[in-house]
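All remarks here apply to the structure that follows.
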Amino acid sequence: MITKPKGTYDVLPGETRRWVKLEEVIRKICALSNYEEIRTPIFEQAGTFHRDESDASDMVNKETYDFLDRGGREMTLRPEGTAGVVRAFVENKLYTNNGITKLYYLGPMFRYERQQKGRYRQFSQFGLEAFGSDSPLLDVDIITTAINLLEALGLKGIKVRINTLGDKESRDAYRKVLVDYFTKHKDELCEDCHIRLAKNPLRILDCKVDKDSKALLEAPKISDYLNESSKKHFEMVKKALDNLNISYTVDEKLVRGLDYYSNTVFEIEYTSTDFGAQNVICAGGRYNDLVSDLGGPKTSAVGLAFGMDRLLLALEHEGIEIVKPKRLHAYLITLGENAFLKGVSLVSELRKGGIMVDMDYNQKSLKAQFKEADKNNAKFTLILGDDELTKGLINLKNNDDDSKTTIELEQLYGYLLTHLPSKKCNVCKEGKE
Ligand code: HAM
């Protein structure tokens with residue numbers, strides 16, 4: 001038997017409905033905050049992600065799926081959404097509108113990581129990217145949109161951690177101090193941190209191996225090396241979050257796993273103790289140099305990405321059902337050849353009128369067909385035999401109260417319309433469930 005690749009999983013019927021609902025809620029939240037959808041390729045030229053020799057991130061160095069296509073071109077399956085969106089922003093000259101461009105995306109990403117609960121080799125992200133302003137309040141727009149999504153979904157037990165990496169001047173000053181400091185403490189660092197020391201010393205601060213070492217605990221703090229404008233930027237972010245009553249903690253060790261960030265960075269954790277290690281459901285920050293690094297004009301930008309797999313796991317863990325059990329409006333049972341044939345056109349007509357209905361195509365026994373109606377959780381079972389058909393009648397059973405009735409076939413559609421509930425969805429406040 002051929003099996004799925006390691007680190008991937010099948011989303012089976014039932015589960016897919018949760019994904020579709022989550023996507024629906026996401027789209028609604030994005031529309032409310034004026035983010036428009038962008039769809040970029042799942043693979044890009046390798047240079048989109050492998051931009052810089054000095055990049056010390058695990059994702060870029062160890063985790064990408066790189067391949068040569070049949071034309072010998074170096075390609076990479078996207079490990080994240082930001083770089084591809086920035087590539088598209090530059091290539092399609094979306095910067096020419098001179099205003100703020102707010103984009104969102106949903107879709108699969110690929111990283112060659114060690115599989116565990118919440119960490120996969122193919123996973124899905126929902127991301128936001130906002131271009132064209134250096135205002136700290138745009139950082140807050142991004143964070144607020146994330147919080148709005150979590151509130152709409154009803155997910156509690158959330159912790160927002162924020163930090164600043166400062167602008168280039170501040171980071172350069174801090175980097176110098178860190179290199180001096182960690183060079184003196186090199187013996188206390190793991191091997192990966194030796195590489196980080198040469199490439200991106202800030203990344204040592206979030207090393208999972210060395211996190212409790214004295215060297216890390218006593219390392220110099222970025223807050224002591226921020227210049228005035230970086231300080232002001234961060235203060236404004238905090239003030240606006242306070243005004244919005246969004247609680248957060250400042251975590252000076254938060255530096256993020258990707259190398260393109262400047263100023264604000266943040267992560268949102270789902271804090272339930274028995275959830276597992278992969279509890280960061282959303283992460284992001286400001287990246288003011290990436291657009292120019294990818295050949296565009298200097299453009300400030302900020303963004304985030306949710307791990308949708310993790311978000312759904314967290315909702316499940318919290319016992320939050322975002323979809324109701326599957327329910328058909330009606331299930332048609334037929335008895336006899338003429339009724340079977342009529343049944344096909346009947347369900348077709350009802351479907352055109354918006355009724356969710358199915359029937360048995362195997363002409364199973366009456367008992368087996370009733371079982372199918374149950375399995376599909378039909379509100380009404382419609383029973384059409386050859387005898388009823390000749391009289392222009394149809395039998396109905398309301399499965400909620402077991403009441404039975406016989407009506408004229410011609411009245412069926414109107415009857416169903418008046419007897420089916422029309423409820424607003426409690427998550428996206430729209431439509432009929
Ligand atoms: P990231 O922290 O690499 O950031 O990923 C964002 C989120 O994707 C993580 O917090 C996690 O929820 C989810 N995630 C990452 N890797 C996996 C995995 N192997 N399996 C399951 N879920 C995973 C970014 O990707 C940036 N592009 C975010 C961003 C957007 N920054 C600015 N704009």
Please list, ordered by residue number, the helices (runs of 4 or more DSSP H) wholly in region 166-285 having 3 or more residues that are over 27 Å from ILE143 (Cβ atoms). 168-184, 191-199, 214-217
Out of the residues in region 313-336 that are assigned to a helix (DSSP H, G or I) and not charged (D, E, K, R), which is surrounded by the most Cβ atoms within 10 Å (Cβ to Cβ)? ALA314
Residue within region 313-328 that is touching a strand residue (DSSP E or B) at 6+ places or on another chain (Cβ under 6 Å) and near the ligand (Cβ under 8 Å from one of its atoms) present: no
For strands (runs of 3 or more DSSP E) lying entirely in region 63-132, having 1 or more residues that are near the ligand (Cβ under 10 Å from one of its atoms) and assigned by TED's automatic domain parsing to the domain that holds GLU24 picks out 101-110, 122-131
State yes or no: is THR334 in contact (Cβ under 8 Å) with a residue 12 or more places away in the chain, more than 9 Å from the ligand (Cβ to nearest atom) and in contact with a Phe, Trp or Tyr (Cβ under 9 Å, 6 or more places away or on another chain)? yes
Among (1) closer than 30 Å to ILE158 by Cα; (2) in contact with a Lys or Arg (Cβ under 8 Å, 6 or more places away or on another chain); (3) surrounded by fewer than 17 Cβ atoms within 10 Å (Cβ to Cβ) - the single one SER403 does not satisfy: (1)
For SER348, indicate whether it is without any contact (Cβ under 8 Å) to a residue 60 or more places away in the chain, under 30 Å from SER262 (Cα atoms) and in a helix (DSSP H, G or I). no
Within region 106-130, can you find the residues that are more than 20 Å from LEU313 (Cα to Cα) and either within 12 Å of the chain's Cα centre (by Cα) or of a type in the set (Ser, Thr, Tyr) (or both)? TYR112, LEU128
Return the residues of region 236-287 that are more than 9 Å from the ligand (Cβ to nearest atom) and among the hydrophobic types (A, V, I, L, M, F, W, C); say none if nothing qualifies. MET236, VAL237, ALA240, LEU241, LEU244, ILE246, VAL250, LEU254, VAL255, PHE266, PHE275, ALA277
Checked region 198-214 for anything out of contact with any Lys or Arg (no Cβ under 7 Å at 6 or more places or on another chain), within 20 Å of ALA173 (Cβ to Cβ) and surrounded by 15 or more Cβ atoms within 10 Å (Cβ to Cβ); matches are LYS199, ASN200
Quickly run through region 288-312 and pick out the residues that are in a helix (DSSP H, G or I) and either more than 21 Å from TYR248 (Cβ to Cβ) or more than 8 Å from the ligand (Cβ to nearest atom) (or both). LEU290, VAL291, SER292, ASP293, MET308, ASP309, LEU312
Would you check which residues across region 7-30 are in a loop (DSSP other than H, G, I, E, B) and either aliphatic (A, V, I, L, M) or in contact with a strand residue (DSSP E or B) (Cβ under 6 Å, 6 or more places away or on another chain) (or both) and list them? THR8, VAL11, LEU12
Can you go through GLU53, GLU44, GLU74, GLU113 and tell me which one is touching a residue at least 60 places away in the same chain (Cβ under 8 Å) and touching a helix residue (DSSP H, G or I) at 6+ places or on another chain (Cβ under 9 Å)? GLU113
Which numbered condition ALA339 misses (of (1) surrounded by 19 or more Cβ atoms within 10 Å (Cβ to Cβ); (2) among the aliphatic types (A, V, I, L, M); (3) out of contact with any Leu (no Cβ under 9 Å at 6 or more places or on another chain)): (3)
Positions within region 81-113 being surrounded by fewer than 20 Cβ atoms within 10 Å (Cβ to Cβ), under 24 Å from TRP19 (Cβ atoms) and of a type in the set (D, E, K, R), in sequence order: GLU113
Which members of region 264-309 meet the condition of being of a type in the set (D, E, K, R), surrounded by fewer than 24 Cβ atoms within 10 Å (Cβ to Cβ) and touching a strand residue (DSSP E or B) at 6+ places or on another chain (Cβ under 6 Å)? GLU267, GLU269, ASP309
Restricting attention to region 74-87, does a residue exist that is at pLDDT 95 or above and over 20 Å from LEU258 (Cα atoms)? yes
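The values are calculated or read from the model by the stated rules, or taken from the named source; none is laboratory data. Since we're looking at a predicted model, the values are computed, not measured. Glycine also receives a Cβ, built like all others from the backbone with ideal geometry; neighbour counts cover every protein chain displayed.
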